[in-house]
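One structure, as structure tokens, below. Some questions next.
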Amino acid sequence: LGSNSIVFMIEAQVNYVVQAVRHLARRGGALEVRTEVQARSYADVQQRLRGTVWASGCKSWYQSEGGRNDTLWPNFTTAYWWRTLRFDASAYVHSGPPA
């Protein structure tokens, strides 16, 4: 995270993961992010990074050797919190035996 509280972001992630684990406890099996959901989310993050200081040509530890920034959340932490507030089972392929 380039600014704000990483603790807040981690708490939001943990809340989302706990919901996913509870979902699996009820249903069994395994979850995998749908390819199209992952691609759409990645494209959104890259689009939001355009025009920010993190994509201005300056070099930082956030960037890969090729200059790609796959690390930062380019929005307000409240937007991240809102995205992770409720587990979205439709974003995942559910496989494996039922519980």
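Scan the range 1-21 for residues that are touching a helix residue (DSSP H, G or I) at 6+ places or on another chain (Cβ under 7 Å) and open to solvent by less than 60 Å² (accessible area, probe 1.4 Å) and report the count. Please lay out each step first, then the result.
Step one: of the range 1-21, the residues touching a helix residue (DSSP H, G or I) at 6+ places or on another chain (Cβ under 7 Å) are 1-2, 4-5, 8-9, 12-13, 15-16.
Then drop every residue that is not open to solvent by less than 60 Å² (accessible area, probe 1.4 Å), which leaves 1-2, 5, 9, 12, 16.
Residues in the range 1-21 being touching a helix residue (DSSP H, G or I) at 6+ places or on another chain (Cβ under 7 Å) and open to solvent by less than 60 Å² (accessible area, probe 1.4 Å): 6 in total.
Go through the range 1-56 and give me each residue that's under 21 Å from Phe87 (Cβ atoms) and of a type in the set (Gly, Ala, Ser).
Ala12, Ala20, Ala25, Gly28, Gly29, Ala30, Ala39, Ser41
Sticking with this one: So which pairs qualify, if the first residue must be in the range 85-99 and within 15 Å of Glu36 (Cα to Cα), the second must be aliphatic (A, V, I, L, M) and not in a strand (DSSP E or B), the Cβ gap must be under 7 Å, and the two must be at least 6 apart or on different chains?
If the second residue must be aliphatic (A, V, I, L, M) and not in a strand (DSSP E or B), the pairs left are Ala91/Val37.
Collect the residues in the range 35-79 that are surrounded by fewer than 10 Cβ atoms within 10 Å (Cβ to Cβ) and not in a loop (DSSP other than H, G, I, E, B), keeping them in residue-number order.
Thr35, Glu36
Let me ask something else about it. Any idea which of Ala91, Ala79, Ala43 is closer than 22 Å to Phe8 by Cα and within 14 Å of the chain's Cα centre (by Cα)? Full working, then the answer.
Numbers: Ala91 fails: closer than 22 Å to Phe8 by Cα; Ala43 fails: closer than 22 Å to Phe8 by Cα.
Result of the check over Ala91, Ala79, Ala43: Ala79.
Among the residues of the range 1-28, count how many are over 12 Å from the mean Cα position of the chain (by Cα) and within 30 Å of Gly96 (Cα to Cα).
So the count comes out to 13.
The values are calculated or read from the model by the stated rules, or taken from the named source; none is laboratory data. Note that the structure is a prediction, hence the values are computed from the model and not measured. All Cβ positions, even for glycine, are placed from backbone atoms using ideal geometry, and neighbour counts span all protein chains on display. What goes into the accessible areas is simple: the full protein's heavy atoms, side chains included, and nothing from ligands, DNA or RNA. Shrake-Rupley method; radii C 1.70, N 1.55, O 1.52, S 1.80 Å.
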